[in-house]
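Enquirer: One structure follows; several queries about it will come next.
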Amino acid sequence: MNKLENIKQVLYNKCVQFTKNRLDTINKTIEELQESLTSETKSSAGDKHETGRAMVHLEREKAGEQLAEIQKVNHLLAKIRTEKTSNVIGLGSVVFTTNANYYIAISAGELEFNDQKFYAIAANTPIAQLVLGKKTGDQIKFRNQEFTITNVN
């Protein structure tokens, strides 16, 4: 495995860990809400009781939406092939520019590898939309800044 392939695998693994951490947090929240709902059922009846149950149900709905979103993200990650290389930027590409380095996958924020910073971004973000389909040497203008793609993997 060459160094660039290694970067791609490491960044991919960091994105997988990012989604796993989010999933664990959401599942813990759902579990706590279920416990809360169970304890609300055992408490006294009345308006306060109903309001409490309604609030827990709303929180469970929100957690359910977050769970569905993380499942979509995991589905997207499953489509990425870290062994695949291309000169043209697409999903799963590691993009080096004169401005910043990017990993086109999911929005997972700033990732580090060998003292280099990479921004894990989703393909539907504005910067990704500008670089998708481009190659090494292409110039990009984003928010009044111009930069050049120096390498693509």
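Enquirer: So which residues in the stretch 48-73 are more than 16 Å from Lys28 (Cα to Cα), modelled with pLDDT under 85 and either in contact with an Asp or Glu (Cβ under 6 Å, 6 or more places away or on another chain) or surrounded by 13 or more Cβ atoms within 10 Å (Cβ to Cβ) (or both)?
Expert: Scanning the stretch 48-73 gives His49, Gly52, Arg53, Met55.
Enquirer: Out of the stretch 16-34, which residues are of a type in the set (Val, Ile, Thr) and without any contact (Cβ under 8 Å) to a residue 24 or more places away in the chain?
Expert: Answer for the stretch 16-34, where residues must be of a type in the set (Val, Ile, Thr) and without any contact (Cβ under 8 Å) to a residue 24 or more places away in the chain: just Thr25.
To keep it simple, each residue is scored yes or no on (1) within 25 Å of the chain's Cα centre (by Cα); (2) exposed (fewer than 13 other Cβ atoms within 10 Å of the Cβ); (3) modelled with pLDDT of 90 or more; (4) among the hydroxyl-bearing types (Ser, Thr, Tyr).
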residue	(1), (2), (3), (4)
Leu4	yes, no, no, no
Arg22	yes, no, yes, no
Ile26	yes, no, yes, no
Thr29	yes, no, yes, yes
Glu40	no, no, no, no
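Enquirer: Right, here's the next one. When you check Val88 against the structure, is it over 16 Å from the mean Cα position of the chain (by Cα) and open to solvent by less than 20 Å² (accessible area, probe 1.4 Å), yes or no?
Expert: Considered against the rule, which asks whether it is over 16 Å from the mean Cα position of the chain (by Cα) and open to solvent by less than 20 Å² (accessible area, probe 1.4 Å), Val88 comes out as no.
Condition check ((1) assigned to a loop (DSSP other than H, G, I, E, B); (2) among the acidic types (Asp, Glu); (3) without any contact (Cβ under 8 Å) to a residue 24 or more places away in the chain) across all residues:
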| position | (1), (2), (3) |
| --- | --- |
| Met55 | no, no, yes |
| Lys62 | no, no, yes |
| Glu69 | no, yes, yes |
| Ile80 | yes, no, no |
| Thr85 | yes, no, no |
| Asn99 | yes, no, no |
| Ile104 | no, no, no |
| Glu110 | no, yes, yes |
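Enquirer: Could you tell me which residue of the stretch 124-153 is farthest from Asn101 (Cα to Cα), considering only residues that are of a type in the set (A, V, I, L, M) and open to solvent by less than 40 Å² (accessible area, probe 1.4 Å)?
Expert: For the stretch 124-153, the residue satisfying everything is Ile140.
Enquirer: Restricting attention to the stretch 112-137, which residues are in a helix (DSSP H, G or I) and touching a residue at least 40 places away in the same chain (Cβ under 8 Å)?
Expert: If the condition is that a residue be in a helix (DSSP H, G or I) and touching a residue at least 40 places away in the same chain (Cβ under 8 Å), then Val131 is the only one that fits.
The values are calculated or read from the model by the stated rules, or taken from the named source; none is laboratory data. These numbers were taken from a predicted model, which means no experiment stands behind them. We place every Cβ from the backbone using ideal geometry, glycine too, and count neighbours over all the protein chains shown. Only protein heavy atoms, including side chains, enter the accessible area calculation; ligands, DNA and RNA are left aside. Shrake-Rupley method; radii C 1.70, N 1.55, O 1.52, S 1.80 Å.
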